[in-house]
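Note sheet for the following structure.
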Amino acid sequence: MSTYRIIRPPHLLSDALREFLLTEAGRDFSSLLDHFPREWKVVMMGGLLRDLVLNRLLRLEVSPVDIDLVIFGASSIDEIGDKLQRTIRTTNSFGGLKSQLRVDGAHFDLWRVEDHTNVAAAPKPHTIEQLLRHNLLDVDAIVWDPLTDELHDCGCLDAIQAGRISTMGPQGISREFVANQVAHVLLVAFKTGFLLSDDVCSLIATASQRHESDIRKILQRKKPKHASQIESFWKDLLSGGTPRCPIPTRATL
């Protein structure tokens, strides 16, 4: 089981996050927080933080399409939507909300902590550690609390340093969104070139038997320019090929 730790500032991402807050996306993030009651806790998780760590540790230039935010304290996803009336809102691939403050602004994916994969079944009160342990991949298991500037890590830093992607465990696997999860794994493998562990390969093989068409559609929607390259790696993986996305396939994203 991955070790959970709270890393207080200054830390690996202190400067990078300070720089982020000065960008247009960072200013949108700060404005978005102003829409919510003070008693709600909003944390950033996953993609942006993972990619900042990849840049800091490996000098790998990658950037996320969306910024993932998790909210503690909202009674329902509809209540979050009500607070975002003046923003551009749609639903996202995992049952949360997608929001933009401006037409050409950053995309934010928002969930209640209870709506994250299988967290509702975990003991209350729900915590950041529970949130991370119900994540699918260790390489994504990192949270930033903008109020305290603390990082909460549950395997992300170790996974990136090792160049290996593993699942957090069965609690992070979603029956409802398994096709989206497998597409996400393939996209992260394509971004990083990291070795996929046996448990990740098993998840991909099992899900592909029932959801191949859905996975392909998601890849084509999310990365139309690179979908054929990712599908080639995926096909090779299902045939017993290398669990590491080949370097020539990894175009700059």
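The values are calculated or read from the model by the stated rules, or taken from the named source; none is laboratory data. For clarity, every value in this text was computed on a predicted model and none was experimentally measured. Cβ: placed from backbone, ideal geometry, glycine included. Neighbour counts: every protein chain shown.
Taken as a whole, the condition of being free of Cβ contacts under 8 Å to residues at least 12 places away in the same chain, surrounded by fewer than 16 Cβ atoms within 10 Å (Cβ to Cβ) and at positive phi does not apply to ARG38. The condition (being under 30 Å from THR3 (Cα atoms) and more than 19 Å from the chain's Cα centre (by Cα)) is satisfied by just one residue among LEU187, LEU237, LEU196, LEU203: LEU237.
Identify, by number, the condition in (1) modelled with pLDDT of 90 or more; (2) β-branched (Val, Ile, Thr); (3) crowded, with 18+ Cβ neighbours inside 10 Å that THR23 doesn't meet. Here THR23 clears every test but (3). Of all residues in the stretch 1-50, those satisfying the criterion of being touching an Asp or Glu at 6+ places or on another chain (Cβ under 6 Å) and part of a loop (DSSP other than H, G, I, E, B) are SER2, TYR4, ARG8, PRO9, GLY46.
Quick test for you: out of LEU32, LEU22, LEU52, pick the one residue that is touching a residue at least 60 places away in the same chain (Cβ under 8 Å) and not small (Gly, Ala, Ser). LEU32 is the lone residue from the list that is touching a residue at least 60 places away in the same chain (Cβ under 8 Å) and not small (Gly, Ala, Ser).
Please count how many residues of the stretch 209-224 are under 19 Å from the mean Cα position of the chain (by Cα) and free of Cβ contacts under 8 Å to residues at least 24 places away in the same chain. Before the answer, list the steps.
Quick first cut of the stretch 209-224, residues under 19 Å from the mean Cα position of the chain (by Cα) only: 215, 218-223.
Then drop every residue that is not free of Cβ contacts under 8 Å to residues at least 24 places away in the same chain, which leaves 220-221.
Selection size over the stretch 209-224: 2.
Condition (residue is in contact with a Ser or Thr (Cβ under 7 Å, 6 or more places away or on another chain), more than 30 Å from PRO170 (Cβ to Cβ) and not in a helix (DSSP H, G or I)) applied to the stretch 61-77: is it met by at least one residue? Working first, answer last.
So the first thing to find is which residues in the stretch 61-77 are in contact with a Ser or Thr (Cβ under 7 Å, 6 or more places away or on another chain), and the list is 61.
Still in the running and more than 30 Å from PRO170 (Cβ to Cβ): 61.
Imposing the further condition that a residue be not in a helix (DSSP H, G or I) reduces the set to 61.
Yes; the residues of the stretch 61-77 include at least one that is in contact with a Ser or Thr (Cβ under 7 Å, 6 or more places away or on another chain), more than 30 Å from PRO170 (Cβ to Cβ) and not in a helix (DSSP H, G or I).
Evaluation of LEU136 against the conditions (1) over 17 Å from PHE20 (Cα atoms); (2) buried (at least 17 other Cβ atoms within 10 Å of the Cβ); (3) more than 15 Å from the chain's Cα centre (by Cα) shows that the sole unmet condition is (3). ARG89 meets each of the listed conditions (1) part of a strand (DSSP E or B); (2) closer than 22 Å to VAL178 by Cα; (3) free of Cβ contacts under 8 Å to residues at least 60 places away in the same chain apart from (2). Using beta carbons and a limit of 6 Å, which pairs, at least six apart or on different chains, have the first residue in the stretch 181-208 and at pLDDT below 95 and the second one assigned to a helix (DSSP H, G or I)? Close Cβ pairs satisfying both conditions: PHE190/ILE230.
Which is within 24 Å of SER14 (Cβ to Cβ) and either at pLDDT below 90 or charged (D, E, K, R) (or both), of ARG86, ARG112, ARG50? So that I can check it myself, show each step before the final result.
Numbers: ARG86 fails: within 24 Å of SER14 (Cβ to Cβ); ARG112 fails: within 24 Å of SER14 (Cβ to Cβ).
After ruling out the rest, the residue left standing is ARG50.
Test ARG8 against the criterion of being of a type in the set (Lys, Arg), closer than 24 Å to GLN130 by Cα and surrounded by 13 or more Cβ atoms within 10 Å (Cβ to Cβ), and give yes or no. Considered against the rule, which asks whether it is of a type in the set (Lys, Arg), closer than 24 Å to GLN130 by Cα and surrounded by 13 or more Cβ atoms within 10 Å (Cβ to Cβ), ARG8 comes out as no.
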